[in-house]
Amino acid sequence: MLTGQELKKLRNKQIVIQNILYVLGVILVTLCLMKVNSFKEFSLMAGVICLISLIMSLITRKRGEIIEIIVPAMKPLFEYEREKLGIEYKKLKTRQIVCLVILTVMMFFEGVIIPNNGVIVHGKPVLYYWLPMSLLMFVVLNISAYFHIKKVDKSNLAELKGYADRTMLYGVIAGIVLGGLTMMSIIVAVIFMQAQ
């Protein structure tokens, strides 16, 4: 059983590692986006990213969270979390996998049916909407992590009942909002580039 001090230290490390992994992911996606020439390529690239995320989720379902695989010293934290959440933890993992399967199929399907003549402006202009969006997602990720940690660490078993359902609902709402903001930023970026 973790003491309060041990839990606090591990949570701080979790946030740092999570943010480092996110920044590395953004850098990798940015480098890929700089090479994308069409909506078809963009959809296929998004499909590959979703597929990689799905494979990682399937691996982590069996072997533990990606952070504890990379940094074994974090294992006690995630064992504590799995034990405390119980069935809610399994529900969360299952729903994440289902969402990733749907996203992966959608992206590949879109990539297959879109003609290869939907040219988009690539290179530096793509950064005008991708980098602000990635910054917004960084903020959302940290806010989400804060509330997740607070909920898990401060709640008892009765209060955690239905946690997976509530998390899924909030995730869907956040996804709709982020999707809308993404579309708006793309439209603004296109207008801005055409005005130049």
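Quick note: the coordinates plus some simple rules give every number you see, no bench work behind them. Small disclaimer: the values here were computed from a predicted structure and weren't measured. Here the Cβ is made from the backbone with ideal geometry for all residues, glycine too, and neighbour counts use every protein chain on show.
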Give the peptides 44-50, 80-86, 23-29 in descending order of average Cβ contacts within 10 Å, highest first. 44-50, 80-86, 23-29
Length gained if residue 168 through residue 154 is fully extended, taking 0.36 nm per residue and subtracting the Cα-Cα distance, is 3.0 nm
Looking at this model, which pairs from 62/154; 13/154; 40/62 are more than 29 angstrom apart at the alpha-carbon? 40/62
Averaging over every viewing direction, what projected area does the convex hull of the Cα atoms of segment 1-77 cover, in nm²? 5.9 nm²
